[in-house]
Amino acid sequence: MWISRAGWSVLNMLQLIFTLAWTAGLIGVAFVVLLVTRQRRLPLRMAARCWVPGLLWGSGAKLVVRGVDRVDWTRPHVVVANHQSMMDICVLFRAIPVPLQFLLKQELSRLPLVGAYAKAMGMIFVERSSAREATKRMREAAQLVKAGATLCVFPEGTRSHDGEVLPFKSGAFQIALDSGADVVPVAIEGSGKVLSLGGLFRVRPGTITVTIGAPLRTVEIADRQLLAAQARESVVALKREAA
């Protein structure tokens with residue numbers, strides 16, 4: 001479908017307005033549910049079952065999920081995924097069939113409403129400029145996983161501009177080792193084309209594929225550098241599988 005540059009700008013502005021309104025509305029409902037139930041499970045699942053489908057519809061994106069049955073989701077895990085776009089958080093909420101929490105950079109905690117929601121849902125924020133604070137947050141994350149949570153980390157540390165998987169930083173894998181949880185590699189393909197890094201809010205219709213790999217057992221890989229390397233190799237292989 002051919003649309004002029006001006007047409008895309010108008011459409012993307014309408015999509016941005018819808019995204020902000022939809023997100024604010026669902027966050028408001030999530031806060032009410034959290035207040036009533038005093039539990040995070042239901043509002044976290046609302047993100048997967050209500051918020052994300054609305055965002056996918058608004059962007060014209062289709063989500064394809066593969067490999068869910070490779071993992072025993074009754075156990076806590078540390079999910080590690082490549083990072084192409086802010087859409088990645090949305091699609092992972094939808095793709096992972098259990099309540100999902102994230103290890104996020106500290107800057108996101110300052111976003112209006114979204115930051116408050118993330119804190120209320122138990123997300124862990126890492127101040128990357130302070131090694132001492134980062135270590136403290138990693139320990140908190142390990143305790144969260146020990147308590148039964150499934151935690152998602154983007155070990156590249158930033159979004160890839162060309163879709164290639166960047167080297168994985170090993171620090172996040174200490175969470176898996178300290179908690180005793182297995183690492184689940186996940187490859188995301190297509191999110192960077194749906195929501196591009198270029199421009200204020202550049203959205204294009206497309207297919208996003210999430211491929212979930214077999215868990216890497218931390219009882220068999222006790223070195224975090226080796227664990228990071230093997231996890232990256234798995235994600236790269238899963239991206240090829242999705243191609």
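Quick notes
- Exposure proxy ranking, count of Cβ atoms within 10 Å, fewest first, for LEU104, LEU197: LEU197, LEU104
- Relative contact order %, segment 85-243, counting alpha carbon pairs below 8 Å whose residues are six or more apart: 22 percent
- Gyration tensor (alpha-carbon) shape descriptor, segment 52-177, a/c threshold 1.5: rounded
- Global form of segment 121-207, assessed from the alpha-carbon gyration tensor, a/c cut-off 1.5: prolate
- Links that overshoot a 32 Å alpha carbon limit, given the list LYS62/LYS146; LYS136/LYS193; LYS146/LYS169: LYS62/LYS146; LYS136/LYS193
- Membrane-span-like helices in the chain (whole DSSP H runs, Cα extent of at least 15 Å along the helix axis, mean Kyte-Doolittle hydropathy of at least -1.0): 5-37, 131-146, 224-242.
- Radius 15 Å from Cβ of PHE93, net charge of other residues (Lys, Arg +1; Asp, Glu -1): +4
- Restricting the GluC sites (Glu not before Pro) of segment 132-190 to loop positions (DSSP other than H, G, I, E, B) with no more than 12 neighbouring Cβ atoms within 10 Å leaves GLU164.
- Annotation: amide H-H contacts under 5 Å for CYS152 (H modelled 1.01 Å from N, sequence separation of 5 or more, or interchain): VAL79, GLN101, PHE102, LEU103.
- Interchain or long-range residues, amide H under 5 Å from VAL126's placed H: LEU104, LYS105, GLN106
- Expected 222 nm ellipticity per residue - DSSP helices of 4 or more, -39500 (n - 2.57), all of the chain, to 500: -14000 deg cm²/dmol
- With θ taken as phi - 60° and the Karplus curve 6.51 cos²θ - 1.76 cosθ + 1.60 applied, the whole-hertz 3J(HN,Hα) list for segment 68-80 is 4, 6, 7, 10, 8, 7, 6, 9, x, 9, 10, 8, 10 Hz, x standing for glycine and proline.
- Oblate is the label for segment 171-211, because a/c, from the alpha-carbon gyration tensor with a ≥ b ≥ c as root eigenvalues, is 1.5 or above and a/b does not exceed b/c.
No value in this document is a laboratory result; all are computed from the given coordinates. Remember, it's a predicted structure, so these values are computed and weren't measured experimentally. In this analysis, Cβ positions are derived from the backbone assuming ideal geometry, glycine residues included, and neighbour counts consider all displayed protein chains.
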